[in-house]
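Here the structure comes first, spelled out in structure tokens, and everything after it is commentary.
Read-outs throughout are calculated quantities, based only on the coordinates presented, and are distinct from any laboratory measurement. Source: prediction; values computed, not measured. In this analysis, Cβ positions are derived from the backbone assuming ideal geometry, glycine residues included, and neighbour counts consider all displayed protein chains.
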Amino acid sequence: MTNIAIFASGSGSNAENLARHFEKHPKARITLMVSDRKDAFVFERMRNHHIPSNYIRREEFENGTLLKLLKDQKIDMIVLAGFLKLVPEAIINAYPGKIINIHPALLPKFGGKGMYGKHVHDAVVKAGESKTGITIHYVNNNFDEGEIIAQFETTIIPGDTADTVASKIHELEMKWFPVIVERLL
Ligand code: GRF
């Protein structure tokens, strides 16, 4: 059994989708959720799925507390789902090739610091792109720069706004993220 930890900072719709997908899976379980935001809605979603969740303070990311928690819980793989903090180097080194992220655009375009949530969709629409999509990639020491695992596209049509693009992206995320995580087990 692969024990998966999710790192999340926000609403947690991807975290919940993963929790649901792996609830009775023969090979993997979501056994932990870690958040850097005490009041994030993801806590409520995880409670509904009985997934142990921990708020981790800024200093605890760096001082070994988080790494110890991951080791104590025998975590094998880390999935970032709307996680806004850079993963500390010690954790990246402890989990080589075992940390993945989902980004709501077609990297390498529209990535990097500050490119998250609605900022991404705003930038995509403003740039007059004819398509956008999601990127699932390995995590390294820079935001959104790790090796790409999979990308899925959707078209942008005249009249689309950041909001309509966001809902197209949401659909792709719900459909594909669990499938790709499963493929990596
Ligand atoms: C998703 O669009 C994800 O791709 C991005 O942040 C958003 C998180 O949404 N990195 P949620 O918290 O999973 O609802």
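Scan the stretch 168-184 and give yes if some residue there is within 16 Å of the ligand (Cβ to nearest atom), assigned to a loop (DSSP other than H, G, I, E, B) and among the aliphatic types (A, V, I, L, M), otherwise no.
Residues of the stretch 168-184 that are within 16 Å of the ligand (Cβ to nearest atom), as a first pass: 168-181.
If we keep only those that are assigned to a loop (DSSP other than H, G, I, E, B) as well, we get none.
Looking for residues that are within 16 Å of the ligand (Cβ to nearest atom), assigned to a loop (DSSP other than H, G, I, E, B) and among the aliphatic types (A, V, I, L, M), one finds none in the stretch 168-184, hence no.
Taking the conditions exactly as written (free of Cβ contacts under 8 Å to residues at least 12 places away in the same chain and more than 23 Å from HIS119 (Cα to Cα)), does HIS50 satisfy them or not?
Yes; evaluated as a whole, the condition is true for this residue.
Need pairs with beta-carbon distance below 6 Å; first residue under 18 Å from LYS113 (Cα atoms) and within the stretch 125-150, second among the small types (Gly, Ala, Ser) and part of a loop (DSSP other than H, G, I, E, B); sequence gap 6+ or separate chains.
From residues that are under 18 Å from LYS113 (Cα atoms), the pairs are HIS137/GLY146; TYR138/GLY146; VAL139/GLY146; ASN140/GLY146; PHE143/GLY112; ASP144/GLY111; ASP144/GLY112.
When you go through GLU89, GLU23, GLU59, GLU44 one by one, which is the residue that is within 19 Å of TRP176 (Cβ to Cβ) and surrounded by fewer than 18 Cβ atoms within 10 Å (Cβ to Cβ)?
GLU23
Which of the residues spanning the stretch 26-41 are under 14 Å from GLY12 (Cα atoms) and exposed (fewer than 12 other Cβ atoms within 10 Å of the Cβ)? Please lay out each step first, then the result.
Initial filter on the stretch 26-41 (under 14 Å from GLY12 (Cα atoms)): 30, 32-41.
Correct list: LYS38, ASP39.
How about the stretch 1-114: which helices (runs of 4 or more DSSP H) wholly inside it have at least 1 residues that are more than 16 Å from the ligand (Cβ to nearest atom), over 28 Å from GLU129 (Cβ atoms) and out of contact with any strand residue (DSSP E or B) (no Cβ under 9 Å at 6 or more places or on another chain)?
On the way: elements: 13-21, 42-48, 58-62, 65-72, 89-94.
Answer list for the stretch 1-114: 58-62, 65-72, 89-94.
VAL139 - would you say it is within 18 Å of LEU80 (Cα to Cα) and touching a Gly at 6+ places or on another chain (Cβ under 6 Å)?
Numbers: within 18 Å of LEU80 (Cα to Cα): yes; touching a Gly at 6+ places or on another chain (Cβ under 6 Å): yes.
Taking the combined requirement at face value, the residue satisfies it.
Can you name the residue in the stretch 115-142 that is part of a helix (DSSP H, G or I) and of a type in the set (Gly, Ala, Ser) and, of all such residues, is farthest from the ligand (Cβ to nearest atom)? It would help to see each step written out before you state the result.
Applying the first criterion (part of a helix (DSSP H, G or I)) to the stretch 115-142 yields 117-126.
Narrowing further to those that are of a type in the set (Gly, Ala, Ser): 117, 123.
Values: GLY117: 6, ALA123: 14 Å.
Only one residue fits best here, namely ALA123.
Can HIS170 be described as under 20 Å from LEU86 (Cα atoms) and either surrounded by fewer than 16 Cβ atoms within 10 Å (Cβ to Cβ) or more than 18 Å from the chain's Cα centre (by Cα) (or both)?
Values: under 20 Å from LEU86 (Cα atoms): no; either surrounded by fewer than 16 Cβ atoms within 10 Å (Cβ to Cβ) or more than 18 Å from the chain's Cα centre (by Cα) (or both): yes.
Spelling it out, it is not the case that HIS170 is under 20 Å from LEU86 (Cα atoms) and either surrounded by fewer than 16 Cβ atoms within 10 Å (Cβ to Cβ) or more than 18 Å from the chain's Cα centre (by Cα) (or both).
The conditions are (1) within 24 Å of HIS21 (Cα to Cα); (2) surrounded by 14 or more Cβ atoms within 10 Å (Cβ to Cβ), and LYS71 fails exactly one of them. Which is it?
(2)
Starting from the stretch 151-176, keep only residues that are closer than 21 Å to HIS21 by Cβ and touching a residue at least 60 places away in the same chain (Cβ under 8 Å), then list their pairs with residues that are within 14 Å of the ligand (Cβ to nearest atom) and in a loop (DSSP other than H, G, I, E, B) whose Cβ atoms are within a distance under 6 Å, requiring at least 6 positions of separation or different chains.
ILE169/PRO104
Pick from ILE78, ILE4: which is over 21 Å from MET115 (Cβ atoms) and crowded, with 18+ Cβ neighbours inside 10 Å?
On the way: ILE78 fails: over 21 Å from MET115 (Cβ atoms).
Checking each option against the conditions leaves just ILE4.
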